[in-house]
Amino acid sequence: MAEEMRIVLRNYGKIDPLNIDEYIAAGGYKALEKAKGMNQIDLIEEVKKSNLRGRGGAGFNCGQKWFFAYQTNADQKYVVCNADEGEPGTYKDRLIMQGDPQSVLEGMAVCGYAIGANKGFIYCRGEYPYVVDILNQAIDQAKAKGVLGDFDIEVRMGAGAYVCGEETALIESIEGHRGEPRFKPPFPGVEGLWGKPTIINNVETFANIPVIVDKGGDWYAAIGAPSYPGTKVLTLTGDVNNKTFFEVPTSTTIREVVYGLGGGVAGGKKFKAVQIGGTSGGFIPESLLDTAISFDAMSAIGATLGSGAVFVMDESRDMVDVVAEITRFFEHESCGKCAPCREGTARMNELVGKIKDGKGSAADIALLKKLGGVMSIACLCGLGQAAPAPVLTTLGHFAADYEDKLV
Amino acid sequence: MNNVTIDGIKTSVPEGSTILKAAESIGVKIPTLCNHPDQAVKGNCRVCVCEVEGSRLLSAACVMPVWEGMVVKTRTPKVIEARKTILELILSNHPQDCLNCIRNQNCELQTLAEEYFIRDNPFSQKTRGLAKDYSTPAIFRDPDKCINCGRCIEACSVIQNVHALGKVGRGNKVIVAPMLNGSLADSPCVMCGQCIHACPVGAIGEVEEIDKLLAAIADPDKIVVTQIAPAVRVAIGEEVGMETGTMPMDVFVSGLRQLGFDHVLHTNFTADLTILEEGNELLKRLKEGGTLPMTTSCSPGWINFIETYYPDLLDNVSTCKSPQQMFGALAKTYWADKMNIDPAKIYSVSIMPCTAKKFEASRPEMVDSGFRDVDLVLTTREIGRLFRMSGIDFDKLAGADFDSWMGAYTGAAVIFGASGGVMEAALRTVYEVVTGQTLENVNFEVTRGIEGIKEAEVDLNGTVVKVAIANGLANATKLMDEVRAGTSPYHFIEIMACPGGCIGGGGQPITKTNAKRVERINQIYVEDEACEIRKSHENPEVKTLYEEFLHEPLGHQSHHLLHTHYTAKNKKVL
């Protein structure tokens, strides 16, 4: 039976998030103090040793990323916290920021010290104005206490564009431009915000940092799946009994999450599919439920861990209906910069809609597969590359739902 | 250096080279669409994608730097399927009216569609149905054809610092539009037309007025007179399959007569005249403590720019009209009188390398002859179309001379077509006027070339005159910011709106690269060298004009016909 393990949610519900004294009393800011007692390279090595990988979805080794920014010489460097939590069904970053904002600030300050940055930004989703208030109060309190030292943090608010969760589009947005991704390389660690070395990590990643510094990289690396250690905060939605959140070690399987913590499919119905990682996540059938909630295990089955959203669908759900909503979402949220995404998301929505309306043919299915295949390898950024995944995985695992509708 | 293998060919390229550059160096052609050789890399059309060993994703060759040991494949089935699919996607959202398009047979998308033999596009044809914008007399926009490459935006914002264009909307609805999604006329657009050169397709073009010319030629009551701007000859040959600069002037003149022009005259004549008026204006300002530095006024894109962005500095602009407008005012007065022609019958057409000239001719103040001074402005490209339609074989056509009284010109007028030319022409004359000595070497090399800002000092009998030359409005901005701040060290500044000067004007044959601009500049100086007379004040017909009509530079008649002043545009700018 799966059990929760709270690292990033260690203080959630236990302390008053708007009282920094309670955070400090619970051991807060000791890690920052400890970090500042280490030299930068040793600190980065410790983070590397933990094998912490980014919790925003890309799963890049956090310490390695920090090292790139550290070793790039520049008169100014930045730390950016990606709090543009726009992935439907995902609210883990909100939980962390609402329940324990200081842990995020502390994680950012540790990063700032490690790479030599004295300025941080939190880019917060536009739909979270109340979180912005909490963050600003937390920053004021931390400044008043002097715990951040010379590290300054500012909150910037998004304006509702999903693509701004993509790190380089986020940078463009902070700079005051249209939220469009940049091509990489150069990566932000070398050339990011205003052309300066910039570390962008997800809220959940930063919230892990104080604990890693405090308890050591080895301790962290031993938790969960070895290649993607630690915990993951999951948010359960859809046709599941317990529509709530859990933080579990990354060795936990999908089956344990859905049937154990999640309490199984609601209303006594049969399970059909689960989509993990947000709107662009792959659809997973019953036969693959014993896969662990870790980055590599998910990749191996053609799915993604992504943001950790877990969307459960029962037998009554028609996959084409569900996917049609998703393709509509991506047509709306494509920024329009690169041709295959700008045109491709619209065509994908058109073709899925055609099939849904009973007007599609086998040729349309073939075209969807070709289009999806091209988009996933040719689009400029992760949005366009990931957008076809729901279509391609449902065409693979639930082909009957499509075929039943063909003319 | 990095060792890379592209399509099995091993090579070594400098670190930081893109796959595209590396492939070019060994003769492997990778298709591009958003890429522009003189602009920042965009990486947004994805037509240049290639396979890189070890990478799941395809890499856009235009932006991806090579690394040591990189193995690239540019022609695999996977690559070809991706490129074809991307082209099909772009084409399915692009009007299929190539036959009617201003860029038919000169379109990068059309070329790619041919190279990748796009036949039955599996995606349904769905264009956006956006309205064309004909709000300006010079440039139209057809946003339905826009492929969102962003090249026009860079030309407008980075090269020209005008900021008239930007992206509006998101996803499939994104369009490139004038500021605040309004019309071009309401934007700060200066009508320089550099966006036209940048556009790979037919989304922006010149407002075509060829039919007006054909109607005038067909009208027995109209006497159609034309003037040719200095920069046109070096480029017109490109429109009819000749090498840059190889169209002989007399054959060009003969070709225009074949089209039906009654009289062929030359803007070069009024270019020489401009030197006398503007040179004397400069000397007057220097002597009497007038507003300095004085800037040139020949480039209508520049005039639109200063009226929009530096209206407080309009007193710095020379009061001289542009050579086109001086010509227009004289053709229906002095020349009509000389030729004993009723000026009401004259239909005055100018052939210009420029789109902004169409606007300039329509300015309400340009009616000093008692008529609209210039009735019609056609670009080099429009004349090219007429030449192609007429089927003239320029290799076999015998040459012809210009008509009298406003057809003679000097080498000093020829070089007006290149950035720095007005300055050099002015220096050739001013030097002799001030010092009373003959200038033995007329070549002021320092004023020449495509470099954005050039400066020079000239000693005029002990008075050192400092001059500067800018081409491209972003460069003009640098000089004008100094003027506004009161720190400009110059007495005289030449500004041409377009990079390289008029040879790179918005009405010239579609000019993708600066290398082509340099080629035209070089041909301009070849033409200058070949002129017997190379100083404006020695132009015999200009001398006659002063003797019989104007009497003196800056005199009463000049003031009336050849000078003007400009006013603030009061446009919304960013």
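Readers should treat all values here as calculations from the given coordinates under stated rules, not as data from a laboratory. This one's a predicted model, so the numbers in the text were calculated from it and none came from an experiment. Glycine gets a Cβ as well: all are built from the backbone with ideal geometry, and neighbour counts include every protein chain shown.
Using amide H atoms built in the peptide plane, which far-off residues or other-chain residues are under 5 Å from B:M294 H to H?
Counting only residues 5 or more places away or on other chains, the set is B:F492, B:I493.
Share of antiparallel DSSP beta bridges in region B:211-562, in percent to the nearest 5? Don't skip to the answer; put the middle values down first.
Details: 8 of 30 bridges.
Around 25 percent of the beta bridges assigned by DSSP in region B:211-562 are antiparallel ones.
Given the peptides B:226-239, A:202-215, A:232-245, B:24-37, arrange them by the average over their residues of other C-beta atoms within 10 Å, most packed first.
On the way: B:226-239: 27.2, A:202-215: 25.7, A:232-245: 20.4, B:24-37: 17.9.
Those peptides, ordered most packed to least, come out B:226-239, A:202-215, A:232-245, B:24-37.
Express in whole angstrom the spacing between the alpha-carbon centres of region A:254-271 and region B:417-470.
Taking the Cα centre of region B:417-470 as reference, the centre of region A:254-271 is 85 Å away.
Which value in deg cm²/dmol, rounded to the nearest 500, describes the helix-derived mean residue ellipticity at 222 nm for chain B, given -39,500 (n - 2.57) per DSSP H run of n ≥ 4 and division by the residue count? Walk me through the numbers on the way to the answer.
On the way: 20 runs with 191 residues, N = 574.
Result for chain B, helices only: -9500 deg cm²/dmol.
If you count, for every residue in A:328-336, the Cβ atoms of partner chains within 10 Å of its Cβ, what is the mean? All intermediate terms of the calculation are to be shown ahead of the outcome.
On the way: counts 0, 0, 1, 3, 4, 2, 5, 4, 11.
Counting other chains' Cβ atoms within 10 Å and averaging over A:328-336 gives 3.
Apply the Karplus curve 6.51 cos²θ - 1.76 cosθ + 1.60, θ = phi - 60°, to the phi angles in region B:552-564 and return the couplings in whole Hz, x for Gly and Pro.
Computed from phi, the couplings for region B:552-564 are 7, x, 6, x, 4, 5, 4, 4, 6, 9, 10, 10, 7 Hz.
Rounded to the nearest 0.05, what FRET efficiency is calculated for B:K287 and B:V367 with R0 set to 30 Å and r the Cβ-Cβ distance? Spell out each step's value before the answer.
Numbers: r = 32 Å, r/R0 = 1.06.
Given R0 = 30 Å and the Cβ-Cβ separation, E is 0.40.
For A:D150 and A:K49, what does the FRET efficiency come to when R0 = 25 Å and r is the distance between their Cβ atoms, rounded to the nearest 0.05? Spell out each step's value before the answer.
On the way: r = 27 Å, r/R0 = 1.08.
So, using R0 = 25 Å, E works out to roughly 0.40.
Sort out for me the Cα centre separation of region B:223-258 from region A:119-139, rounded to whole Å.
65 Å
Over the Cα atoms of chain B, what is the Rg over Rh ratio if Rh follows Kirkwood?
Working: Rg = 25.0 Å, Rh = 25.0 Å.
Expressed as Rg/Rh, it is 1.00.
Per 0.36 nm of contour for each residue apart, how much would the distance between B:L99 and B:T438 grow if the chain were fully extended, relative to their Cα-Cα spacing? The partial results should precede the final answer.
Values: separation 339, 0.36 × 339 = 122.04 nm, distance 5.71 nm.
Stretched fully, the B:L99-B:T438 segment lengthens by 116.3 nm.
So, counting K/R as plus one and D/E as minus one, what does the shell of residues with Cβ under 9 Å around A:F271 add up to?
Spelling it out: positives minus negatives among the neighbours equals -1.
If one computes the Cα centroid of region B:506-574 and of region B:341-381, what distance in Å separates the two points?
Rounded to whole Å, the Cα centres lie 15 Å apart.
Going toward the positive end of the dipole of the protein assembly as shown, with +1 on Lys and Arg Cβ and -1 on Asp and Glu Cβ, which of B:Q110, A:H397, B:A164 do you reach last?
Comparing the listed Cα positions along the dipole, A:H397 ranks first.
Give me the Kirkwood hydrodynamic radius of the protein assembly as shown, using the inverse of the mean 1/r over all pairs of distinct Cα atoms, in Å to one decimal. Mind showing how you got there, number by number?
Values: mean 1/r = 0.0315 Å⁻¹.
Mean inverse Cα-Cα distance, inverted, gives 31.8 Å.
Where a ≥ b ≥ c are the square roots of the eigenvalues of the C-alpha gyration tensor, would you call region A:20-222 rounded, which needs a/c under 1.5, or, failing that, prolate if a/b is larger than b/c, or oblate? Each step should come with its number before you reach the end.
Working: a/c = 1.45, a/b = 1.13, b/c = 1.28.
It comes out rounded by the Cα gyration axes.
Quick one: putting +1 on the C-beta of Lys and Arg, -1 on the C-beta of Asp and Glu, what dipole do you get for the protein assembly as shown around its Cα centre, in Debye to the nearest 20? Before the final figure, lay out each step's value.
On the way: 98 positive and 122 negative charges, 479 e Å.
The dipole magnitude comes to about 2300 debye.
Show me, for region A:35-45, the HN-Hα J-couplings you get by feeding each phi into the Karplus relation (A = 6.51, B = -1.76, C = 1.60, θ = phi - 60°), rounded to Hz, glycine and proline as x.
4, 5, x, 9, 7, 4, 5, 5, 4, 5, 4
Would you tally the net charge around B:E239, using a Cβ to Cβ cut-off of less than 11 Å, leaving B:E239 out, and scoring K and R as +1, D and E as -1? Please list the in-between numbers first.
Values: positive: B:R381, B:R385, B:R388; negative: B:E238, B:E382.
Once positives and negatives cancel, what remains is +1.
For A:E191, enumerate residues with amide H under 5 Å from its amide H, sequence gap 5+ or separate chain, H modeled in the peptide plane.
For A:E191, whose amide H was placed from the backbone, the distant partners under 5 Å are A:T198.
When DSSP beta bridges are limited to those with both residues in the protein assembly as shown, what percentage is antiparallel, rounded to the nearest 5? Walk me through the intermediate numbers first.
Details: 45 of 90 bridges.
Here the share of antiparallel DSSP bridges comes out near 50 percent.
Rounded if a/c is under 1.5, else prolate if a/b is larger than b/c, else oblate: which is region B:2-91, with a ≥ b ≥ c the root eigenvalues of its Cα gyration tensor? All intermediate terms of the calculation are to be shown ahead of the outcome.
Working: a/c = 1.92, a/b = 1.32, b/c = 1.46.
Oblate, since a/c reaches 1.5 and b/c is not below a/b.
Describe numerically, in nm with one decimal, the distance between label points set 7 Å from Cα along Cα→Cβ at A:K36 and at A:E127.
Calculated label separation equals 3.8 nm.
By what distance, in whole Å, do the Cα atoms of region A:319-403 stretch along each of the three principal axes, largest value first?
In descending order, the Cα extents are 33, 20, 19 Å.
Mind giving me the nanometre distance, one decimal, between the label points for B:K78 and A:Q71, set 7 Å out from Cα along Cα→Cβ?
2.9 nm
Charges only on Cβ, +1 for Lys and Arg, -1 for Asp and Glu: so what's the dipole of chain B about the Cα centre, in debye to the nearest 20?
Dipole magnitude for chain B comes out near 2520 debye.
Can you list residues whose amide H is under 5 Å from B:T379's amide H, if they're 5+ apart or on another chain and H is modeled 1.01 Å from N?
Amide H neighbours of B:T379: B:M352.
Residue farthest toward the positive end of the dipole of the protein assembly as shown, with Cβ of Lys/Arg at +1 and Asp/Glu at -1: which of A:G158, B:N100, A:V374?
Most positive-ward Cα: A:V374.
Just counting partner chain Cβ atoms within 10 Å, what average do the residues of peptide B:71-80 show around their Cβ?
1
Taking the Cα-to-Cβ direction at B:F117 and at B:T513 and moving 7 Å from each Cα, how far apart do the two end points lie in nm?
Placing both labels 7 Å along Cα→Cβ, they lie 2.9 nm apart.
Using only helices, what value at 222 nm comes out for chain A when you add -39,500 (n - 2.57) per DSSP H run of length 4 or more and divide by the total residues, to the nearest 500 deg cm²/dmol? Before the final figure, lay out each step's value.
Numbers: 17 runs with 175 residues, N = 407.
The helix-only estimate for chain A comes to -12500 deg cm²/dmol at 222 nm.
What does the C-alpha gyration tensor say about the overall shape of chain A? Classify as rounded when a/c is under 1.5, otherwise prolate if a/b is larger than b/c, or oblate. Don't jump to the answer; show the numbers that get you there.
Details: a/c = 2.05, a/b = 1.52, b/c = 1.35.
Since a/c reaches 1.5 and a/b is larger than b/c, the shape of chain A is classed as prolate.
Find me the longest stretch of chain B that has none of the exposed chymotrypsin sites (Phe, Trp or Tyr not before Pro), where exposed means in a DSSP loop (not H, G, I, E or B) with at most 13 other Cβ atoms within 10 Å.
On the way: sites that count: B:W67, B:F117.
No qualifying site falls inside B:118-574, the longest such stretch.
For region B:407-424, take each phi angle, set θ = phi - 60°, evaluate the Karplus expression 6.51 cos²θ - 1.76 cosθ + 1.60, and give the result in whole Hz per residue in order, putting x for glycine and proline.
x, 7, 7, 10, x, 5, 6, 4, 6, 3, x, 10, 4, x, x, 4, 4, 4
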